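So the structure is just underneath, and the comments pick up after that.
The values are calculated or read from the model by the stated rules, or taken from the named source; none is laboratory data. Here the structure is a predicted model, which means the values were calculated and not measured. Positions of Cβ are generated from backbone atoms using ideal geometry, with glycine treated the same way; all protein chains shown enter the neighbour counts. These accessible areas exclude ligands, DNA and RNA; they are computed on the full protein's heavy atoms, side chains included. Shrake-Rupley method; radii C 1.70, N 1.55, O 1.52, S 1.80 Å.
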Amino acid sequence: MKIGNVKIDGKVQAAIQKEDRVIPLSTIKGFHEKYGNVITDDIIHNPKMFQAISELAKQDLKSDQKYEGQIAFASVVMRPQKIICVGLNYRSHVEETRDKLPESPVLFSKYSNSLAGSGDSIAIPHETKQLDYEGELGIVIGKKGNNIKESDAFDYVFGYFIGNDVSARDLQFRTSQWLLGKTGDGFYPCGPFITTGDEIRDPQKLSIRTKLNNEIRQDSNTSYMIFSCAYLISYISRFMTLYPGDIISTGTPEGVILGMPEDKRVWIKSGDRVTIEIEGLGRLENVFS
Ligand code: MG
């Protein structure tokens, strides 16, 4: 099932995607009366509600005509307790940034102010002159856990989505900690939907491609990750309890602007469109302003 959040009349609610149709849950007969206004966070935290929506999704649902063309996406999760990002997790990206291969996962965080939906306009902060994109596979945790065995890791996954780890390089490298350059407002657009774990047989076999305007910049496969999704879930859970709705962004392959020779780098500017596609997860698209 593909499930996400949409904005209708300024209000966020969950929707399912079925055969290219976006169906807000409130337009399904009887749903709103029973559950009220629901966002993905509510569903991720409530397995019974998730089960009920899975059953609904099997029916021949029609989206309500009055919303056609007015649907805007919101972040795939609105209130994650944690957004954990993995740096330098593709060998080719480590090489292009002239960094050392990590012996352990390099972890950093973003905050919820960085969340945005597919289609949202991302404002370029005045404080940076070096804005970059990073196409990434994102994981949404579905079950509380710590000390998770690598072999059990997928039991804790709710689903997968596309994320853009927008990075202000001048701020990222101002000090030894990357935080400042990583968690500006709108610096983690994600979506358009979460694809639930049952639909992704192997998250290490997905093509990932990023375009800046019409030019392909990143063209890789999640098979090239240094630390796999299962390893990352297991590793992180040794140090902190993972909760439903937590996000892990698994790192970016080669092809970012930072990886180009200095005289060839043209940083993201107003009007640029970044489009990221991951096999089976759809297309995340944002224009910068
Ligand atoms: Mg990244």
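Scanning the range 137-191 for residues that are without any contact (Cβ under 8 Å) to a residue 24 or more places away in the chain and crowded, with 20+ Cβ neighbours inside 10 Å returns a single hit, Q172.
For the range 68-136, the strands (runs of 3 or more DSSP E) that sit wholly inside it and include 2 or more residues that are open to solvent by 10 Å² or more (accessible area, probe 1.4 Å) and within 11 Å of the ligand (Cβ to nearest atom) are 106-110. Based on this model, can you work out whether V38 counts as touching a helix residue (DSSP H, G or I) at 6+ places or on another chain (Cβ under 9 Å), crowded, with 17+ Cβ neighbours inside 10 Å, under 29 Å from G145 (Cβ atoms) and modelled with pLDDT of 95 or more? Judged against the criteria, V38 is a match.
Residue count for the range 19-30, restricted to those that are outside any loop (DSSP other than H, G, I, E, B), at pLDDT below 90 and of a type outside the set (S, T, N, Q): 1.
Considering only the range 176-205, state which residues are more than 16 Å from the ligand (Cβ to nearest atom) and of a type in the set (V, I, T). Working first, answer last.
Filtering the range 176-205 for residues more than 16 Å from the ligand (Cβ to nearest atom) gives 176, 185, 191-205.
Matches in the range 176-205: I194, T195, T196, I200.
If you check D165 against the conditions, is it within 16 Å of the ligand (Cβ to nearest atom), assigned by TED's automatic domain parsing to the domain that holds D120, closer than 28 Å to D42 by Cβ and modelled with pLDDT of 95 or more? Spelling it out, D165 is indeed within 16 Å of the ligand (Cβ to nearest atom), assigned by TED's automatic domain parsing to the domain that holds D120, closer than 28 Å to D42 by Cβ and modelled with pLDDT of 95 or more.
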